Amino acid sequence: QVRLVESGGGLLQAGGSLRLSCAASGRTFSSYGMGWFRQAPGKEREFVGGISWSGYIRYADSVKGRFTISRDNDKNTVYLQMNSLKPDDTAVYYCAFGTPVNGYDYWGQGTQVTVSS
């Protein structure tokens, strides 16, 4: 059974930092790309960034230079380091197995990030 569990969300002030984790199980983690997405209230889910199985990384323009994605294949975990957070970053953050080209097939339950001004 494939499972993704996000953690690390919370409430913080603008300008702060947070690191989200996504622990995966049920698949050979190192063979798959991973993506991070977010969904704010009343808005559609949007792509934040992704990392391929080989380590190629891409980011949405809205987070480029502030967010960093990494993965630890020994721990079957992908991370999203978020710096210089803004109120507009407030959303539920999700991780998923997949790539922008092939799509995403398994999703976590999400973790809430709230940034106050």
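We did not get these values from a lab; they are worked out from the coordinates using the rules stated. These figures come from a predicted structure and were not determined experimentally. Glycine also receives a Cβ, built like all others from the backbone with ideal geometry; neighbour counts cover every protein chain displayed.
Count, please, the residues in region 62-117 that happen to be of a type in the set (Lys, Arg) and touching a Leu at 6+ places or on another chain (Cβ under 8 Å).
1
Identify, please: which residue in region 1-21 is surrounded by 13 or more Cβ atoms within 10 Å (Cβ to Cβ), aliphatic (A, V, I, L, M) and assigned to a strand (DSSP E or B) and is, among those, nearest to the chain's Cα centre (by Cα)? Once the filter is applied, the top-ranked residue is LEU20.
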